[in-house]
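Only one structure is covered here, and it is reproduced in the block below.
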Amino acid sequence: MAPGKDPPRQSEREKTEGSRYAGRVKTDEPRDSDLDFEHQADLNRDAERVETDKAKLQSRSDSDASRDLGRADMGRSRAERQAARDERLRVEREITDEAIKAERLRADAATERERSDYQASAKSSAESLSQEQERHQKTKAALTTREEFLAIVSHD
């Protein structure tokens with residue numbers, strides 16, 4: 001640079017383009033919001049399972065206490081009826097366990113569907129952003145070429 005001359009200044013357009021590009025986030029890396037969403041879905045599902053298990057255990061405990069009290073009052077003559085009640089209780093527990101298992105499978109499937117929908121949406125957004133960035137780069141190159149051409153023409 002010659003003495004006494006000011007350094008070339010960056011145009012306002014170049015400053016704006018640079019700041020826009022610097023503010024963009026890489027789309028290939030998982031974002032914290034994606035991980036938070038999946039983590040929250042897992043926490044919700046686990047909390048529902050804990051509540052279901054608590055209710056099931058409480059119900060079983062109440063049923064066992066009632067059965068034990070009934071046995072203490074019964075003599076041998078009622079033993080067969082008690083055995084039948086015990087069998088019904090066992091069958092009821094199996095049915096309840098199967099219903100809980102089926103509900104958990106449905107909840108897991110719903111969580112996975114939500115995740116896939118969210119990931120598909122994120123992928124679509126990432127692809128759109130990538131395409132927009134490519135178009136932006138092409139436009140920027142065209143503008144630079146035009147500005148260079150005009151500078152040459154005006155100089156000549």
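For the subset of region 112-140 comprising residues that are closer than 30 Å to L43 by Cβ, in contact (Cβ under 8 Å) with a residue 60 or more places away in the chain and charged (D, E, K, R), which member is least open to solvent (accessible area, probe 1.4 Å)?
Filtering first and then ranking leaves R115.
With at pLDDT below 85 and within 30 Å of K140 (Cβ to Cβ) as the only criterion, which of G23, G70 stands out?
The conditions single out G23.
Anything in region 42-60 that is surrounded by 11 or more Cβ atoms within 10 Å (Cβ to Cβ) and either among the aliphatic types (A, V, I, L, M) or not in a helix (DSSP H, G or I) (or both)? List them, or say none.
Across region 42-60, the qualifying residue is only A55.
What's the number of the condition T144 fails, among (1) open to solvent by 70 Å² or more (accessible area, probe 1.4 Å); (2) free of Cβ contacts under 8 Å to residues at least 12 places away in the same chain?
Here T144 clears every test but (1).
The values are calculated or read from the model by the stated rules, or taken from the named source; none is laboratory data. None of the values given here were measured: they were computed from a predicted structure. Because the Cβ atoms are built from the backbone with ideal geometry, glycine has one as well, and the counts that use them run over all protein chains shown. Side chains included, ligands, DNA and RNA excluded: accessible areas come from the protein's heavy atoms. Shrake-Rupley method; radii C 1.70, N 1.55, O 1.52, S 1.80 Å.
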